[in-house]
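Read-outs throughout are calculated quantities, based only on the coordinates presented, and are distinct from any laboratory measurement. The structure displayed is predicted, hence computed values, not measured ones. Because the Cβ atoms are built from the backbone with ideal geometry, glycine has one as well, and the counts that use them run over all protein chains shown.
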Amino acid sequence: MKRILVALLLLTTLVFALACERRGGSAAGSTSGTIVVGYYGDLTGRTSNFGQSTKNGVLMAADEINKAGGINGRQVQIISEDDEGRPEKAATVATKLIDQDRIVALLGEVASGNSLAAAPKAQAAHIPMISPSSTNPAVTQVGDYIFRVCFIDPFQGEVMAKFAFNTLKAKKAAIMLDFNSPYSRGLTDFFEAAFKKFGGQIVNKQSYTQGDRDYKGQLTAIRSDSPDVIYVPGYYGEVGVIAKQAKQLGINVPLLGGDGWDATQLWDLGGDSLNGDFISNHYSVDDPSPSIQKFVADYKGRYDRVPDALAALGYDAMRVLADSIKRAGTTEGPKLRDAIAQTKNFGGVTGTISIDAQRNAIKPAVVLKLQDRKYIYQETIYPEGMRPNTSSAPSNGSDTSSAATQPASKSANP
Amino acid sequence: MDTFVQQLINGLTIGAIYALIALGYTMVYGILRLINFAHGDIYMVGAFVGYFLAFQLGFASGPTLFGLVIVLIGSMIVSAIVGMAIERFAYRPVRRYARMTTLITAIGVSLLIENLFVARLGAAPRAFPQLLQERSYTLFGNAAISKSQLLIFGVSVLLMLLLQWIIFKTKIGTAMRAVSFNLNSAKLMGINTDAIISFTFALGSALAAAGGVLTAQYNPQIDPLMGIITGLKAFVAAVLGGIGNIPGAVLGGLLIGIAETFVVGYGQNVGVPTTFRDAVAFAILILVLLFRPTGLLGATVQEKV
């Protein structure tokens, strides 16, 4: 009896394996048939707001492409996998997508730590991977098949340092970082370097780890050095609680953050404590430019919520990929890779996307103020050498001076 | 000075939560000589029951004192029932076997609860609704104490006094002490030991659930795995105070809370990174087991519940 059971089990495993093999086989590396694209992200874990928003953006872009007749007449199919926000799981699902589903390209992740875990799999298989929103520089350094459509942390860290020093007139900053996250550590280093370069001073630096329950110990230590601003480059789950506990301790200076704050759950956790804080982000939903407003309206109609930056970047990543497949005329790895690398002045929702030699996108960043569950546009900061472009860059009204910093409204709460 | 006082307040706040949970470990150990490893998960269950009660009963929309009291008591009752059910269906059937069997069962129950919650609700943290209008009171200088901290102190002290009263002034408390002294003799004296054990689990679970709801007011992020580390630290607290000893559990909890906060607050000055906060509890556990296995109060006190 036992032997029969074992035999049956082996047989089912074999059938399964064969079935999987056949399913993917037809689509690989050809110029006709359905284009299978893999998406992986955190759909159920600690940063699930990120993964779900990005997936929404990717799916919306794919549907729009299919409705418009597909790419060179071929339909796009997205196969989505959940990595639960864990690096080891990200590597596993990336392997599954590449080996079993025979995807032609990989989209994901948001958190840099997870992208860093999956990228070597894509690189080894010569499958192009586009990260919508991993900002740590190391991600695209994994290899020449790894791209991103967002700015990188040396720029993002500098943006906040510049805003804190120039606009908020802060001289003393404290930092509270997520010790185990490459994203948070990277931003900390770049913020610190830039803030010191401008002439500011870092008075205290504390760390926490994801899943900590209490942050008052660190915040009390920070409070004793009375900084003008506190930089918290973490993810929304912890940041919401940190903001709340900071207010409980009577800390009333603004907290500054990055794109890792942008999630609806941030407000459920932090509530009113977040009012008056500032973040750097990829785009602003208040931007009046028609392409952004159309995207916001379409997204609202489809998902009944305001798209955050991660949804917009997911949307852009899928569209950059589609544009590249169209130009390459094929989904073969090396040719598609070259086409993505040649992306120039692609009109995305999050700004004009040009891929540079390091496979990063060169884009401006916006600074947003948090107030009553809303992100209020403050200013756009451009990377060095990039001129504000009135037609495509986000601008607020007529104020388009040629300076690198473009203030839209003076901060009320320095 | 005010920084020191502030860190002390911070430490006592989380220490009070550890103490509430440690009481459950120590009571069950006192009676059954069992480390109930599922106890940390009851703390998580308490927080989640509170979360769903708040939404179901419509208290999530705005902070009210009435809502807070109802959610707190409701969560304690439901969790007490869960605790009794765990005892009835998981521990009682294996109670007559070797103690190792029960211990492994406890670990199994813990994993079962955690993964059931992950499977049903997902691992993503949820935001516990605010049931208390938050406010901070300045004591002196910069030292501030928030309403949620006062709530944690107040409710913990109240519950601990209540527990003391139950154990020393009521008939069922006397029975508990008798069972902890010797289970078989107590049975011979006509005490319904099964009922007493059940009651002990109910008490411990209700305290842990209170800890869950109270922490959620202080830190609104709740997730199905939140009970693991907190539960382990509370266990260390029970061992530090002397497992089986009730005042010891409270003392141990407060000490662990303060030690942890001081590592975060002052560790950097002497080269200990803040990420060692979780390690400090286990370092204490090793030291206690090496130098004073009976715990701080364990050797001298006779009554064990």
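Per residue, the average separation of C-alpha pairs within less than 8 Å and at least 6 apart gives the stretch A:153-281 a relative contact order of 25 percent.
When only C-alpha pairs under 8 Å and at least 6 residues apart count, what is the relative contact order of chain B, in percent? Write out the running numbers ahead of the final one.
Values: 528 pairs, mean separation 109.1, N = 305.
Relative CO of chain B lands at 36 percent.
Other residues lying with their Cβ under 9 Å from the Cβ of B:Gln6 contribute a combined charge of +1, Lys and Arg counting +1, Asp and Glu -1.
Amide H to amide H, with H built 1.01 Å from N, B:Ser146 comes under 5 Å of B:Tyr137, counting only residues 5 or more places away or on other chains.
Separation of the stretch A:172-217 and the stretch B:1-60, taken as the distance between their Cα centroids, equals 30 angstrom. Rounded, prolate or oblate: which fits the protein assembly as shown, taking a ≥ b ≥ c as square roots of the Cα gyration tensor eigenvalues, rounded meaning a/c under 1.5, else prolate when a/b beats b/c? Verdict is oblate for the protein assembly as shown. Take each residue of peptide B:258-264, count the partner chain Cβ atoms within 10 Å of its Cβ, and average: the result is 3. Note on chain B: GNM, Cα springs under 10 Å; of B:Leu159, B:Leu68, B:Leu121, the largest mean-square fluctuation is that of B:Leu121. Rounded to the nearest 500 deg cm²/dmol, what is the calculated helix-only ellipticity per residue at 222 nm for chain B, with -39500 (n - 2.57) per DSSP H run of length n ≥ 4? Computed mean residue ellipticity for chain B: -24000 deg cm²/dmol. Legend: mean number of C-beta atoms from other chains within 10 angstrom of residue C-beta atoms, peptide B:225-232, equals 1.
How well do other chains shield peptide B:129-135, expressed as the mean number of their Cβ atoms within 10 Å of each residue Cβ?
Values: counts 2, 5, 0, 0, 0, 6, 1.
For this peptide, the per-residue mean of nearby foreign Cβ atoms is 2.
The sum of -39500 (n - 2.57) across all DSSP H runs of n ≥ 4, divided by the residue count of chain A, sets its helix-only mean residue ellipticity at 222 nm to -13000 deg cm²/dmol.
Sequence-ordered 3J(HN,Hα) estimates for the stretch A:236-243 from the Karplus curve with 6.51, -1.76 and 1.60 and θ = phi - 60° stand at 3, x, 7, 4, x, 6, 4, 4 Hz, glycine and proline given as x.
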